[in-house]
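This report concerns only the one structure given below.
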Amino acid sequence: MKKLNLPKLLIFVIVFYAAIQILYSTEMMNGYILHIINQSLIYVILAVSLNLINGITGQFSLGHMGFAGVGAYVSGTISTLVFKINPSTPGGMGIFILAIVVGGLAAAFVGFLIGFPSLRLKGDYLAIVTLGFGEIIRTIFNNIDYVGGPRGLLGIPKFSNFTTITVAALITIVVIRNLVESSHGRAMLAIRENELAAELVGVNTTHYKVLAFVIGAFFAGIAGGLFAHLLQMAHPTQFGFIKSVEVLIMIYAGGVGSITGSTIAAFALTFLSEGLRIGIRAIADATGLPIGGEWRMVVYSLLLIFIMLFKTEGLMGTKEAKLIRLKEVE
Amino acid sequence: MGAIFNAQQIVNGLQVGSIYALIALGYTMVYGIVRLINFAHGDFFMLGAYAAYGVFFAFNALFVGKTGLMAFVVLIASMAAGGIIALLANQLAYKPLRYKPKLSSLITAIGVSMFLEYFLSALPAVGPSYRSFPDILPRVNINLGNAVISNYVIIDIVIAAVLMVGLTLLIKKTTLGKAMRAVSQDKDAARLMGIDIEKVIAFTFLIGGSFAGAAGLLAGMTYPRIVPYMGIQPGLKAFIAAVLGGIGNIPGAVLGAYIMGLAETFASAYNSLIGEGIAFAILIVVLLVRPHGLLGEKFADKI
């Protein structure tokens, strides 16, 4: 049986974690950069979980941020509106973790519902249905006054921090990586390569497609909950179509099917995005030209087109870094 | 119920349906020929509206007193803009991916769509905010007892009908139309018969884009404001209309668009939230119950 070399990965993550903490506490790195790292790690969860649906099972989903939205709103409602916790509440951390997990489960349930129509839909049709689903979720949040409607759910306590987010990202990578190399993962890969052939050799395609949606949605919901408790708000516009496309760009830039690729691309593109934001503002200030933040999305869209035209396999192809390669165990 | 199903709503529904039909035709033609959902199609609609806006303000002074001629020039401009950009998108972005996995073209189409929207909003001359669309023709309200119809409604329905009749003639009566039908049936066989497939595909994009551009002008005139993101919603709904009618099927797209326009108008009159969601409800029901659409042909998986 093949298994992930967990101790080695753990050592790497602990070194990474300690390095960031030391840099931050010695003030060599400011809170802004730490915030971007936190965001990158949440995007790692989103990209890796979308990769399970899109890259590994081959079910083209365009509504991933819809699942994240469910997680954000459900966990935010639990922590903010039901328990009214804040970081100084005794036992607050426990309720926070409970809220995040319930948010993930709620997203997984929605993923289960979305997985069903996907049984009869292929490729581009599924893309449209998931897109529509994302928009419906957004419209629903926009119209529920209890969670703030178009104002968004505000005043969510800031529980997400570097530690919680790192742990969540690590769990996501380990679970999905192990899943891919299990017999379940083989079945999912078979569906991606040729659904009809997979069915003919006895893979229960229905089961595995729904499973991919449920697990992918669960982690997206976790990511959404962490986002809400990091930014201290959940807003309908955070979970729209364009945001889903940003995650999609990450998996295609990193290489469809490669978890390493998704992870690297999530970091690279989150930093690129912030860099562009700062760069564009600097150019606008220096030249006095009316250059707006829209140019950031122009760069993003061109990036997507060029990846598809010239490097369809992305940065990593389907390869994985040594760190998360599997090795034979007795 | 009387408040929902009255003559006024039916006329409004037909007007919305006409605009959807013009967009849906492009979707369905492109899908019929290259099996690609052209996500950027809604943006050709938006470009048509902006081209009309630009041409109207640039040349309005030359056409004082000749509003009819001006309206015609604006229509041509909007069709040209939609058609030419669609053609360019095909040549630059879709053609190199023609024989790659289908999803590559779909993702590229999403990229093209985002590029067109954000590039226009990033351009200082256009900008991301709403602009009010000028009255190209004078607005007249006609009172028909229990319904008030603006002349714009009639213009929308008539222009859409004329263009659709023109398209039907093109497809049924000309050699090019015959080539288009051949390519949509079997690309390889069509190539063996000496049809230049790329030329036919390029032409399909040109026609589809120009129809979307014309729809953009009609929508701009009717709801007199435009914005770079205006194509997203009508684009999606027109796509759903095309699926409802049976994607790849031209009469189906028109039928689907009118059903969609009417359904949406009635639903919005009942409740605005249901109005927003009905399109997706229709899509999910169609895909579950009759995935090949009302008039589409059923295909089995080939082994």
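The values are calculated or read from the model by the stated rules, or taken from the named source; none is laboratory data. All values reported here derive from a predicted model rather than from experimental measurement. Heads up, the Cβs are rebuilt from the backbone with ideal geometry, glycines too, and the neighbour counts pull from every protein chain shown.
Within the range A:76-109, the set of residues being surrounded by 14 or more Cβ atoms within 10 Å (Cβ to Cβ) and either of a type in the set (Ser, Thr, Tyr) or within 14 Å of another protein chain (Cβ to nearest Cβ) (or both) comprises A:77, A:79, A:80, A:89.
Kindly check whether there is at least one residue in the range B:251-262 that is more than 11 Å from chain A (Cβ to nearest Cβ), in contact (Cβ under 8 Å) with a residue 40 or more places away in the chain, surrounded by fewer than 24 Cβ atoms within 10 Å (Cβ to Cβ) and among the β-branched types (Val, Ile, Thr). There is at least one residue in the range B:251-262 that is more than 11 Å from chain A (Cβ to nearest Cβ), in contact (Cβ under 8 Å) with a residue 40 or more places away in the chain, surrounded by fewer than 24 Cβ atoms within 10 Å (Cβ to Cβ) and among the β-branched types (Val, Ile, Thr). Looking only at the range B:67-86, decide whether some residue is over 17 Å from the mean Cα position of the chain (by Cα), within 14 Å of another protein chain (Cβ to nearest Cβ) and of a type in the set (Ser, Thr, Tyr). No, every residue in the range B:67-86 fails to be over 17 Å from the mean Cα position of the chain (by Cα), within 14 Å of another protein chain (Cβ to nearest Cβ) and of a type in the set (Ser, Thr, Tyr).
Comparison of B:176, B:167 shows that the only residue that is assigned to a helix (DSSP H, G or I), surrounded by fewer than 21 Cβ atoms within 10 Å (Cβ to Cβ) and within 16 Å of the chain's Cα centre (by Cα) is B:167. Only a single item in (1) within 14 Å of chain B (Cβ to nearest Cβ); (2) touching a strand residue (DSSP E or B) at 6+ places or on another chain (Cβ under 7 Å) is not met by residue A:156, and it is number (1).
Counting only residues that are of a type outside the set (Gly, Ala, Ser) and in contact with a Ser or Thr (Cβ under 6 Å, 6 or more places away or on another chain), which one in the range A:210-249 is surrounded by the most Cβ atoms within 10 Å (Cβ to Cβ)?
At the first step, the residues of the range A:210-249 found to be of a type outside the set (Gly, Ala, Ser) are A:210-211, A:213-215, A:218-219, A:222, A:226-227, A:229-233, A:235-239, A:241-243, A:245-249.
So of that shortlist, the ones also in contact with a Ser or Thr (Cβ under 6 Å, 6 or more places away or on another chain) come out as A:219, A:226, A:229-230.
Working: A:219: 29, A:226: 31, A:229: 28, A:230: 21.
Out of the qualifying residues, it is A:226.
Being of a type in the set (A, V, I, L, M) and buried (at least 23 other Cβ atoms within 10 Å of the Cβ) is the filter here, so list the residues in the range B:47-74 that pass it. B:47, B:49, B:51, B:52, B:74, listed by residue number.
Look at the range B:224-239: where a residue is touching a residue at least 40 places away in the same chain (Cβ under 8 Å) and on the phi > 0 side of the Ramachandran plot, no partner that is part of a strand (DSSP E or B) and surrounded by fewer than 22 Cβ atoms within 10 Å (Cβ to Cβ) sits 6+ places away or on another chain with Cβ atoms under 7 Å.
At the interface with another protein chain (Cβ under 10 Å from one of its Cβ atoms), under 20 Å from the mean Cα position of the chain (by Cα), modelled with pLDDT of 80 or more and over 25 Å from residue A:96 (Cβ atoms) - does that describe any residue in the range A:120-127? First the steps, then the outcome.
To start, the set of residues in the range A:120-127 that are at the interface with another protein chain (Cβ under 10 Å from one of its Cβ atoms) comprises A:120-127.
Still in the list and also under 20 Å from the mean Cα position of the chain (by Cα): A:126-127.
Still in the running and modelled with pLDDT of 80 or more: A:126-127.
In the following step, the residues that additionally are over 25 Å from residue A:96 (Cβ atoms) were identified as A:126-127.
Yes, the range A:120-127 contains a residue that is at the interface with another protein chain (Cβ under 10 Å from one of its Cβ atoms), under 20 Å from the mean Cα position of the chain (by Cα), modelled with pLDDT of 80 or more and over 25 Å from residue A:96 (Cβ atoms).
On inspection, residue B:208 does not qualify as touching a strand residue (DSSP E or B) at 6+ places or on another chain (Cβ under 8 Å) and more than 14 Å from chain A (Cβ to nearest Cβ).
Scan the range A:185-209 residue by residue and report those that are part of a helix (DSSP H, G or I) and under 15 Å from residue A:55 (Cα atoms).
From the range A:185-209, those part of a helix (DSSP H, G or I) are A:185-193, A:195-200, A:205-209; that's our starting set.
The answer is A:185, A:186, A:187, A:188, A:189, A:190, A:191, A:192, A:193, A:195, A:208, A:209.
Just name the residue that is nearest to residue A:292 (Cα to Cα) out of those in the range B:98-127 that are facing another protein chain (nearest Cβ under 7 Å) and touching a Ser or Thr at 6+ places or on another chain (Cβ under 7 Å). Selected residue: B:118. Tallying residues that are more than 14 Å from chain A (Cβ to nearest Cβ) and part of a helix (DSSP H, G or I) within the range B:237-250 yields 2.
Pairing residues of the range A:288-299 that are closer than 22 Å to residue A:247 by Cα and at pLDDT 85 or above with residues that are surrounded by 15 or more Cβ atoms within 10 Å (Cβ to Cβ) and not hydrophobic (A, V, I, L, M, F, W, C), at Cβ distances under 6 Å and at least 6 apart in sequence or on separate chains, gives A:297/B:118; A:298/B:118.
Of A:171, A:137, A:144, which residue is out of contact with any Ser or Thr (no Cβ under 7 Å at 6 or more places or on another chain) and crowded, with 21+ Cβ neighbours inside 10 Å? Steps first, please.
Values: A:171 fails: crowded, with 21+ Cβ neighbours inside 10 Å; A:144 fails: crowded, with 21+ Cβ neighbours inside 10 Å.
That would be A:137, the only listed residue that is out of contact with any Ser or Thr (no Cβ under 7 Å at 6 or more places or on another chain) and crowded, with 21+ Cβ neighbours inside 10 Å.
In the range A:9-19, what residues are of a type in the set (A, V, I, L, M) and closer than 24 Å to residue A:175 by Cα? Break it down into steps so the answer makes sense when it comes.
Let us first name the residues in the range A:9-19 that are of a type in the set (A, V, I, L, M), namely A:9-11, A:13-15, A:18-19.
A:9, A:10, A:11, A:13, A:14, A:15, A:18, listed by residue number.
Looking at the range A:225-239, can you tell me whether even one residue there is within 14 Å of chain B (Cβ to nearest Cβ), outside any helix (DSSP H, G or I) and modelled with pLDDT under 90? No, the conditions are met nowhere in the range A:225-239. The C-beta contact set for the range B:273-284 (first residue more than 9 Å from every other protein chain (Cβ to nearest Cβ) and touching a residue at least 12 places away in the same chain (Cβ under 8 Å), second residue in a helix (DSSP H, G or I) and not hydrophobic (A, V, I, L, M, F, W, C), distance under 6 angstrom, 6+ apart or interchain) comprises B:278/B:264.
Selection of the range B:135-162 for residues being polar (S, T, N, Q) and either in contact with a Phe, Trp or Tyr (Cβ under 6 Å, 6 or more places away or on another chain) or part of a strand (DSSP E or B) (or both) yields B:141, B:143, B:150.
Scan the range B:179-214 residue by residue and report those that are over 26 Å from residue B:93 (Cβ atoms) and not in a helix (DSSP H, G or I).
Step one: of the range B:179-214, the residues over 26 Å from residue B:93 (Cβ atoms) are B:189, B:192-194.
B:193, B:194 - these are the residues of the range B:179-214 that are over 26 Å from residue B:93 (Cβ atoms) and not in a helix (DSSP H, G or I).
Filter the range A:12-33 down to residues that are among the β-branched types (Val, Ile, Thr) and surrounded by 15 or more Cβ atoms within 10 Å (Cβ to Cβ) and give me whichever is farthest from the chain's Cα centre (by Cα). Result: A:20.
Across the range B:285-299, the number of residues qualifying as at pLDDT 80 or above and within 14 Å of chain A (Cβ to nearest Cβ) comes to 6.
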